[in-house]
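J.: Handing you this structure, nothing more for now.
The values are calculated or read from the model by the stated rules, or taken from the named source; none is laboratory data. Quick caveat: nothing in here was measured; it's all calculated off a predicted structure. Note that each Cβ is placed from the backbone with ideal geometry, even for glycine, and that neighbours are counted across all protein chains shown. Protein only, heavy atoms only, side chains kept; ligands, DNA and RNA dropped before computing areas. Shrake-Rupley method; radii C 1.70, N 1.55, O 1.52, S 1.80 Å.
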Amino acid sequence: MVNAPGGAAPVISAWTAVSPLGLRGADFTAALRSGRAAGRPLDPEEWSVPFREASLVPDFHIRQILGRKGTRSMDRATGLAVTAIRHLLTGEREHDEAERLPGVGEETGLALGTSTGSAQSIMDFTRDSLVGKKPFYVDPARFPNTVMNCAAGQSAIWHGLRGPNTTIAGGRATGLLALRYALRLQRAGRAQAVLCGAVEEFSSARAWLEWHARADEDSAAVLGEGAAVWLLEPDASAREHGRKGLAEVLGLEFGCAVDATQARTVLAEAIGRLLDRTGVTPGELSAVADSGAPGAEGEAERAALADALGGAEPPRITAADTVGDTCAAAAAFQIAAVLALAEREEIASGDTALVTTVDRDGVVGAALLRIR
């Protein structure tokens, strides 16, 4: 079980998502069960990429959304993260001057997942250093975009968050790893409230990196982008400030595999440990949110679920079917999907949902949530 100091059980009490389904969590919730994939054809005049379509956040223009101040050199990944956190902190109210969620002060922590940060920013800055009139003729304002913790750092600065600030990178498992880190911060007494989630951008650089990574795979997965974040806080704090806990984190388990074949066994064992430790049987699961990973990893994940759950077949939720392959943000969107369906009462209070992930670099993981 996951326990906080003093028995203050941590709960997820608010969430939002900036996704290919829209700029707000309400858009994500409304479209999740529509069966409509968010992939759209790419304009070859705008995108020099090896893919014909992608799932892009619609109408996402950083300066239009966040204003001109402080956004001249902001890259897409940072803009997505800052926007998602702003929506979460203001309860998705429309106006910039909307009051922040009560009880979420400057001491709030932030655990944000990413892949490498912005691959586009890294490659652009490196290219500028090589093709400029001299190697050091680069725009210094863009250098912060090249470091992995740019999105987390800029989000904290933008929103005045002075608590622990951490960047987590773990491929498709990133969202679950960020959640575990946030729980550790709380158990250690480092932060009472923690904003947690992950972000991924679509860019030419990422598209080409993914193209080469898939060179030996026959995968038609459409790349997606976005950010999903949630507020993790003690249940007593949520109730004190008028928030209903949406879900309780019962536990997490992780493992590491050398290839997809081993990933099947390692993930099945992780799921078994998680269910045994929390006292939940496969038949008691009301939903399974898998990663929908492309290629051999996805096949291993589905086989591991069949092995671990036996004959139980709880309803499957795959956010990737709708928002595309969001890589580092995948697990965060899986959690968002569970929360969205719980809000629509498609997962009832007291029910449990299993979230699983498999990454091509070998990390596998599982989380168990109980709807409040």
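J.: Residues being in a strand (DSSP E or B) and open to solvent by less than 30 Å² (accessible area, probe 1.4 Å): count how many of those fall in the range 295-317. Please lay out each step first, then the result.
T.: Applying the first criterion (in a strand (DSSP E or B)) to the range 295-317 yields 316-317.
So of that shortlist, the ones also open to solvent by less than 30 Å² (accessible area, probe 1.4 Å) come out as 317.
Adding up the residues that qualify gives 1.
J.: If Gly189 satisfies every condition in (1) open to solvent by less than 10 Å² (accessible area, probe 1.4 Å); (2) in a loop (DSSP other than H, G, I, E, B) but one, which is the exception?
T.: All conditions are met except number (1).
J.: Filter the range 3-20 down to residues that are open to solvent by less than 20 Å² (accessible area, probe 1.4 Å) and closer than 18 Å to Ala342 by Cβ and give me whichever is modelled with the lowest pLDDT.
T.: Looking at residues that are open to solvent by less than 20 Å² (accessible area, probe 1.4 Å) and closer than 18 Å to Ala342 by Cβ, I get Pro10.
J.: Please state which of the following conditions Gly292 fails to meet, knowing it meets all the rest: (1) surrounded by fewer than 21 Cβ atoms within 10 Å (Cβ to Cβ); (2) part of a loop (DSSP other than H, G, I, E, B); (3) in contact with a helix residue (DSSP H, G or I) (Cβ under 6 Å, 6 or more places away or on another chain).
T.: All conditions are met except number (1).
J.: Checking Arg40 against (1) open to solvent by less than 40 Å² (accessible area, probe 1.4 Å); (2) free of Cβ contacts under 8 Å to residues at least 40 places away in the same chain, which test does it fail?
T.: Unmet for Arg40, out of (1) open to solvent by less than 40 Å² (accessible area, probe 1.4 Å); (2) free of Cβ contacts under 8 Å to residues at least 40 places away in the same chain: (1).
J.: Give the residue, chosen from Thr356, Thr322, that is among the hydroxyl-bearing types (Ser, Thr, Tyr), in a helix (DSSP H, G or I) and under 20 Å from the mean Cα position of the chain (by Cα). Talk me through it step by step, then tell me what you get.
T.: On the way: Thr356 fails: in a helix (DSSP H, G or I).
Matching residue, one of Thr356, Thr322: Thr322.
J.: Right, Thr167: touching an Asp or Glu at 6+ places or on another chain (Cβ under 9 Å) and β-branched (Val, Ile, Thr) or not? Give the steps one after another, and end with the answer.
T.: On the way: touching an Asp or Glu at 6+ places or on another chain (Cβ under 9 Å): no; β-branched (Val, Ile, Thr): yes.
So Thr167 does not fit the description; no.
J.: Follow-up. Is it the case that Trp208 is at pLDDT 90 or above, among the aromatic types (Phe, Trp, Tyr) and more than 28 Å from Ile12 (Cβ to Cβ)?
T.: Against the criterion (at pLDDT 90 or above, among the aromatic types (Phe, Trp, Tyr) and more than 28 Å from Ile12 (Cβ to Cβ)), Trp208 qualifies.
J.: For the range 22-44, how many residues meet the condition of being among the aliphatic types (A, V, I, L, M), part of a loop (DSSP other than H, G, I, E, B) and under 21 Å from the mean Cα position of the chain (by Cα)?
T.: Residues of the range 22-44 that are among the aliphatic types (A, V, I, L, M), as a first pass: 23, 26, 30-32, 37-38, 42.
Next, only the ones that are part of a loop (DSSP other than H, G, I, E, B) stay: 23, 37-38, 42.
Now restrict to residues that are under 21 Å from the mean Cα position of the chain (by Cα): 23, 37-38.
Total meeting the criteria: 3.
J.: Just the residues that are part of a loop (DSSP other than H, G, I, E, B) and either among the aliphatic types (A, V, I, L, M) or open to solvent by 70 Å² or more (accessible area, probe 1.4 Å) (or both), please, taken from the range 133-181. Steps first, please.
T.: Let us first name the residues in the range 133-181 that are part of a loop (DSSP other than H, G, I, E, B), namely 133-139, 147-149, 160-164, 170.
Selection gives Lys133, Lys134, Pro135, Phe136, Tyr137, Val138, Val147, Met148, Asn149, Leu161, Arg162.
J.: Just to be sure, is Gly350 part of a helix (DSSP H, G or I), of a type outside the set (S, T, N, Q), more than 25 Å from Val222 (Cα to Cα) and open to solvent by 10 Å² or more (accessible area, probe 1.4 Å)?
T.: Taking the combined requirement at face value, the residue does not satisfy it.
J.: Also: Would you check if Val258 is not in a strand (DSSP E or B) and not charged (D, E, K, R)?
T.: Working: not in a strand (DSSP E or B): yes; not charged (D, E, K, R): yes.
Yes, satisfied.
J.: Considering Ala84, Ala77, which residue is assigned to a helix (DSSP H, G or I), open to solvent by less than 40 Å² (accessible area, probe 1.4 Å) and out of contact with any helix residue (DSSP H, G or I) (no Cβ under 8 Å at 6 or more places or on another chain)?
T.: Details: Ala77 fails: out of contact with any helix residue (DSSP H, G or I) (no Cβ under 8 Å at 6 or more places or on another chain).
When all the criteria are applied, what remains is Ala84.
J.: Can you confirm whether Ala320 is open to solvent by less than 50 Å² (accessible area, probe 1.4 Å) and not β-branched (Val, Ile, Thr)?
T.: yes
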